[in-house]
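K.L.:
If you scroll down you'll find the structure; I have some questions about it.
Read-outs: derived from the displayed coordinates by stated rules, not from any lab. None of the values given here were measured: they were computed from a predicted structure. FYI the Cβ positions are ideal-geometry reconstructions off the backbone, even for glycines, and counts take in every protein chain you see.
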Amino acid sequence: MKIIEVKDYEEMSKKAAEYMLKKIKSSSQLNIGLATGGTPKGVYQELIKDYSQNKTSYTHIKTFNLDEYIGLKKDDPNSYFHYMNENLFKHIGISVEQTHIPSGTNENTVAECEAYENMIKNAGGIDLQLLGIGANGHIGFNEPGTSFQSKTHVVDLADSTREANARFFDRLEDVPKQAITMGIHTIFQSKEIILLASGKAKQQAMVELLNGEVTELFPASILNNHPNTIVIADEEALRGV
Ligand code: GLP
């Protein structure tokens, strides 16, 4: 794992966007895995800024999001479908057909998971995956204890994850209790991974990730075994490592 230490959130966002844009501009076809949450918002803003200045083409890009809440409709302001559209897609001229997010409203969740996993496979896999990290080490919505062999599946969200994400909802009770997420295996298959971390809230997770052992009790730890992962983290997040 390569660690790039940056000053702050802004520099982290710029570095990651720069890296992604270089790939986007130099590839004839690219499958990008995308994340939600507060962390990647700055990267998306940089991509939008670049698009408005340079009209970078995304016609050769397919995107696959990590996860989606179960039970939220696409137009729900807290669905990841809505998040991606508002924070990125509608600003960079990328069509709905190019973007993929698990459906949180398909009643047959098992079929939805299988279809999503197959869609990634049939597209040729993910070339570049963007990741955030939960304080408990979750990636996507893979909570501690998830098998490293897991593929796209349904998860019961940890109380700590629901509490951390409650800031986006009116009330804690409104945070869904389940989600569909790419599995650890699905994520690990990505040819290249960029993990972002910023701020004090991620300090403990960075200590575990960089100094701890590889264990299913800390899902992100598997990235230590990945051949091509870059961690871009700011000073605050790395304090203590
Ligand atoms: C959420 C998402 C993850 C994200 C993580 C950290 O639960 N499912 O994909 O990386 O939590 O979120 P944040 O970036 O807001 O700290």
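K.L.:
How do ARG239, ARG171 rank when sorted from fewest to most other Cβ atoms within 10 Å of their own Cβ? Walk me through the numbers before you get to the answer.
P.N.:
Details: ARG239 11, ARG171 7.
The fewest-first ordering by Cβ neighbours comes to ARG171, ARG239.
K.L.:
So how do 86-92, 203-209 stack up, highest first, on mean other-Cβ count within 10 Å?
P.N.:
203-209, 86-92
K.L.:
Okay, next question. Quick one: grab Rg to one decimal and Dmax as a whole number for the range 2-238, Cα atoms only, in Å.
P.N.:
So, for the range 2-238, Rg and Dmax equal 16.5, 45 Å respectively.
K.L.:
Between beta-carbons, use under 11 Å as the cut-off and find the net charge around ALA35, counting Lys and Arg +1, Asp and Glu -1.
P.N.:
0
K.L.:
Further, regarding this structure: What net charge is computed for the residues neighbouring GLU236, neighbours being all others with C-beta under 9 Å from the C-beta of GLU236, Lys and Arg scored +1, Asp and Glu -1?
P.N.:
Value of the local net charge: 0.
K.L.:
Among PHE148, PHE218, PHE169, which one moves the most in a GNM of the chain with springs linking Cα atoms closer than 10 Å?
P.N.:
Highest fluctuation of the listed residues: PHE169.
K.L.:
Separate question: Calculate the FRET efficiency for ALA166 and ALA201 from the Cβ-Cβ distance with a Förster distance of 22 Å, rounded to the nearest 0.05.
P.N.:
Values: r = 14 Å, r/R0 = 0.63.
So, using R0 = 22 Å, E works out to roughly 0.95.
K.L.:
Find the percent of Cα-Cα distances in the range 1-95 that exceed 16 Å, and round it to a whole number.
P.N.:
59 percent
K.L.:
I've got another one for you. Can you pick out the pairs among LYS49/LYS151; LYS74/LYS121; LYS7/LYS121; LYS177/LYS200 whose Cα atoms lie more than 30 Å from each other?
P.N.:
LYS49/LYS151; LYS7/LYS121
K.L.:
Same structure again: If r is the Cβ-Cβ distance from HIS82 to GLN53 and R0 is 35 Å, what FRET efficiency results, to the nearest 0.05?
P.N.:
0.85
K.L.:
In vacuum, with every alpha carbon of the range 40-157 counted as one equal point scatterer, what does the Debye formula give for log10 I(q)/I(0) at q = 0.17, 0.19 Å⁻¹? Two decimals, please.
P.N.:
Scattering profile of the range 40-157, log10 relative to I(0): -0.97, -1.20.
K.L.:
Given the DSSP H assignment, sum -39500 (n - 2.57) over each helix run of at least 4 residues in the chain and divide by its residue total; what's the result at 222 nm in deg cm²/dmol, nearest 500?
P.N.:
Helix contribution divided over all residues of the chain: -9500 deg cm²/dmol.
K.L.:
In the range 172-198, whose amide N lies under 12 Å from the spot 7 Å out along Cα-to-Cβ of SER147? List them in ranges.
P.N.:
Taking a point 7 Å out along Cα→Cβ of SER147, the residues of the range 172-198 whose backbone N falls under 12 Å are 184-185.
K.L.:
I've got another one for you. Using alpha-carbon positions, what is the distance between the centroids of the range 25-59 and the range 106-153, in Å?
P.N.:
21 Å
K.L.:
Express the relative contact order of the chain as a whole percentage, based on alpha carbon pairs under 8 Å and six or more residues apart in sequence.
P.N.:
Reported relative contact order: 27 percent.
K.L.:
Suppose every Lys and Arg Cβ carries +1 and every Asp and Glu Cβ carries -1, with no other charges. What dipole size does the chain come out with about its Cα centre, to the nearest 20 debye?
P.N.:
800 debye
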